[in-house]
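Before we start, here is the structure in question, set down as structure tokens.
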Amino acid sequence: MLNATNELISLRLAATDLHGNAITQIEQGESFLIKAYMDDRRDELDLSENGIAWGVYAAYFNITFDSEGFEFDPTYGDGGVKYGPNMSPVDEIPPIPDTSYDGYIEGLAVQNVSGGYIDEIEALSFRMIAQTPNVYDMAEAFTPHFHFDQIDLVEDPNVVPDLWEPYYIDGVPQVERLTGQAFYNAVDLADESFLLHLYDSQRITSDSEVYFEGVDLEVIAASSAADYQLRYVTKPTLTSNGEVNNLPTNVEVIDEWNHIYVEVYAQAPAGSAIQAGIVEISYDAADFGFVRAIGRVEDPANLRYSVTSTDVDEENGTVRVGFSSLSTNLGDDRYALVGRIQLKSNMELPVDYTNGPLTFTPSSEITLSDTNATVIDDATMVLSVINGTATASHSFEVWPVIYDVGANGEDRKVGISDFAGFIGQYGRFVNNDPLIRKFDFNNNGKVDLADFSLFIQNYGESDDSVTFRDYPTGYPGTIGGVPLMASSFVLEGEQVDARSTPQTTTSPTMVTTEDKPSTISGQSLSNTLPLTQSASTGSSSDDASQDNQVVTPEEETTDAAISSLDDQTDLIIMSSQNSESSFALDDDEPEFADHADEVLAIWEDENNL
């Protein structure tokens, strides 16, 4: 509360949490901000130019505080200082305040060259860490002074002046006002003073012209912590007005392209609610990458907290996110969904059946490394910053994306290269060949229409966006289970009928055993895709003897497979329409679902592959 009277300028300090919410209590060991606000008061004193106060041009000041209760954090901003929205440092290289004496910040300086504001504005802020629990009044906590004040030292004739210790009262170093030539040098030659816009370049150096107001603060001992819980999901959780009755279940199995939402839940100690919070998670940057922090702006239907800060260290794999809400009743009797941190998997897993079936690779752990919470007392409405709990780390079973198998290698998208590779193996039996097995997605022993159905449902997928691949039942882990257009299915490792490899023949004649059905609904795979066989030409007796023989099914030639696929355009379109996947491709790749014929034509044109 300002008690200024006839002063031209006011300089006021305020204590806030890291989100800017005013606080009166801080738990030992927690960080908080001290913000300096200044105001040109000439409009209130009828001394302004045409009734307009054009603002403070420059301000130089020091701050004293109780060194037993608080510690300055030099890692914040530029040398420990961040400047207000309309302010800037006085030099191109921001000056670093001198904190060589405990409890004294010397050389804070800020300027506003544009002017034109009429209300109190934030000049700068710095971060402190609470130390010894106690109630620190305004004189003990944080008090601003003129920049040309200096620390009062205890003279000791036994040591040189550079080693004289500060004179403390109740843990606060005392200051004395410079006089005489020392005062002149500080004010005039070093240009250290307060300046106003449109005030004839007069330097303000008198105590009667500047109103200083400090701030008091209570440091409390660590007690009950806010209960933080992380949940790891691939689909965002729905809430009831920002809270949940039950926490969701962690996802245990993902594929190598999945995006993961690290959902942050918090509940305050009894009798209070969660106003704001800080969460820091750490992870192995080789396995995961940061995408974004999600708050109320991004999901207003389920979140009531806005993102106030996001600090990302991609190299070391840490993300520190601040959340804050205007609501005063969240997280009191239920868990509040404070926000989400979206990560994506960066893991590269090969699709290789050389040594047997595919299996998962365990990811590294994602860890909640630091938390705090600003809680509001339900009865007194007092805001306090307290510590938060840390939950157990979490890891995933990560499986390869089985459709990324093109000639260009695994490029983290299902595209035309993968399509070309699939068509090259279409119609073949696996026969323990690991290269063909890569394209037998449903593991029924043959690269057939059921595999093609799976492929086109995933065509266009990549790791760039939040999408979900369609996998056959049983792969991978628990996330497979898309219905297939086939009646047969063989699990990994089960026996399949041995098929002979195709014979080399001349002038093959294609024989179709079934006409194309009028509808594919409810048809078995053998009735859906015409079965093609290879018959050799030879003597008339050979031809006659083959008339009544049962022809052994052999692998279809590639041309035959494509011919069959050309006859199944309606099936391709139907399958693609059933897919929920995104078919967004690069500019040079056609949209598969809408242009199936064009994609097949590309395959037929060898110059394009």
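The values are calculated or read from the model by the stated rules, or taken from the named source; none is laboratory data. Just so you know, these numbers come straight off a predicted model, no measurement behind them. Virtual Cβ from ideal backbone geometry, glycine too; neighbours counted across all protein chains shown. We work out accessible area using only protein heavy atoms, side chains counted, and drop any ligands, DNA or RNA first. Shrake-Rupley method; radii C 1.70, N 1.55, O 1.52, S 1.80 Å.
Looking only at the range 142-153, decide whether some residue is within 25 Å of F32 (Cα to Cα), under 38 Å from the mean Cα position of the chain (by Cα) and either outside the structural domain of N372 (by the TED database) or not β-branched (V, I, T) (or both).
Scanning the range 142-153 turns up at least one residue that is within 25 Å of F32 (Cα to Cα), under 38 Å from the mean Cα position of the chain (by Cα) and either outside the structural domain of N372 (by the TED database) or not β-branched (V, I, T) (or both).
Looking only at the range 95-113, count how many residues are open to solvent by 40 Å² or more (accessible area, probe 1.4 Å) and either assigned to a loop (DSSP other than H, G, I, E, B) or touching a Cys at 6+ places or on another chain (Cβ under 8 Å) (or both). Give the steps one after another, and end with the answer.
As a first pass, look at the range 95-113 and keep what is open to solvent by 40 Å² or more (accessible area, probe 1.4 Å): 96, 98-102, 106, 113.
From what's left, either assigned to a loop (DSSP other than H, G, I, E, B) or touching a Cys at 6+ places or on another chain (Cβ under 8 Å) (or both): 96, 99-102, 113.
Total meeting the criteria: 6.
Here's a follow-up. Given the criterion open to solvent by less than 60 Å² (accessible area, probe 1.4 Å), more than 22 Å from M38 (Cα to Cα) and not assigned by the TED database to the domain that holds L13, identify the matching residue among V219, V172.
Every option except V219 fails the conditions.
Now a separate question. Considering only residues of the range 175-197 that are polar (S, T, N, Q) and closer than 13 Å to F146 by Cβ, which is least open to solvent (accessible area, probe 1.4 Å)?
Quick first cut of the range 175-197, residues polar (S, T, N, Q) only: 179, 181, 185, 193.
Subset that is closer than 13 Å to F146 by Cβ: 179, 193.
Working: T179: 103, S193: 0 Å².
The qualifying residue least open to solvent (accessible area, probe 1.4 Å) is S193.
If you check V401, V385, which single one turns out to be aliphatic (A, V, I, L, M), in contact with a Ser or Thr (Cβ under 6 Å, 6 or more places away or on another chain) and open to solvent by less than 60 Å² (accessible area, probe 1.4 Å)?
Unique residue meeting the criteria: V385.
Let me ask something additional. Kindly list the number of the only condition in (1) open to solvent by less than 30 Å² (accessible area, probe 1.4 Å); (2) part of a loop (DSSP other than H, G, I, E, B) that fails for F422.
(2)
While we're on this one: Tally up the residues in the range 328-359 that are of a type outside the set (K, R) and surrounded by 16 or more Cβ atoms within 10 Å (Cβ to Cβ), please. Even if it seems obvious, please write down each step before you answer.
At the first step, the residues of the range 328-359 found to be of a type outside the set (K, R) are 328-333, 335-339, 341-343, 345-359.
Subsequent filtering for residues that are surrounded by 16 or more Cβ atoms within 10 Å (Cβ to Cβ) retains 329-332, 335-339, 341-343, 345-347, 349, 351, 353, 358.
So the count comes out to 19.
Still on this structure: Can we say I9 is among the β-branched types (V, I, T), in contact (Cβ under 8 Å) with a residue 40 or more places away in the chain and under 21 Å from T75 (Cβ atoms)?
So I9 does not fit the description; no.
If a residue must be surrounded by fewer than 22 Cβ atoms within 10 Å (Cβ to Cβ) and either in contact with a Pro (Cβ under 8 Å, 6 or more places away or on another chain) or modelled with pLDDT of 85 or more (or both), how many such residues does the range 466-483 contain?
Number satisfying all stated conditions: 6.
For the subset of the range 209-235 comprising residues that are in a strand (DSSP E or B) and not hydrophobic (A, V, I, L, M, F, W, C), which member is farthest from A4 (Cα to Cα)?
Y232
Among the residues of the range 425-445, which ones are assigned to a loop (DSSP other than H, G, I, E, B) and not hydrophobic (A, V, I, L, M, F, W, C)?
Looking only at the range 425-445, we keep the residues that are assigned to a loop (DSSP other than H, G, I, E, B), and these are 426-428, 430-433, 438-445.
Scanning the range 425-445 gives Y426, G427, R428, N431, N432, D433, K438, D440, N442, N443, N444, G445.
Right, here's the next one. Among the strands (runs of 3 or more DSSP E) confined wholly to the range 290-369, which include 3 or more residues that are farther than 24 Å from N246 by Cα?
Numbers: elements: 306-313, 318-324, 335-345.
Of the strands (runs of 3 or more DSSP E) lying wholly inside the range 290-369, those with at least 3 residues that are farther than 24 Å from N246 by Cα span 306-313, 318-324.
Further question: Quick check on my filter: what residues within the range 236-272 are assigned to a strand (DSSP E or B) and among the charged types (D, E, K, R)?
Filtering the range 236-272 down to residues assigned to a strand (DSSP E or B) leaves 240, 243-244, 253-255, 259-267, 272.
Answer for the range 236-272, where residues must be assigned to a strand (DSSP E or B) and among the charged types (D, E, K, R): E243, D255, E263.
For the structure I just gave you, tell me whether P362 is open to solvent by 10 Å² or more (accessible area, probe 1.4 Å), out of contact with any strand residue (DSSP E or B) (no Cβ under 7 Å at 6 or more places or on another chain) and either over 30 Å from K438 (Cβ atoms) or not hydrophobic (A, V, I, L, M, F, W, C) (or both).
In short, no.
Filter the range 61-72 down to residues that are open to solvent by 20 Å² or more (accessible area, probe 1.4 Å) and outside any strand (DSSP E or B), then give me how many there are. Break it down stepwise before answering.
In the first step, residues of the range 61-72 are kept if they are open to solvent by 20 Å² or more (accessible area, probe 1.4 Å); the result is 67-68, 71-72.
Add one more test, that the residue is outside any strand (DSSP E or B), and what stays is 67-68.
Qualifying residue count, the range 61-72: 2.
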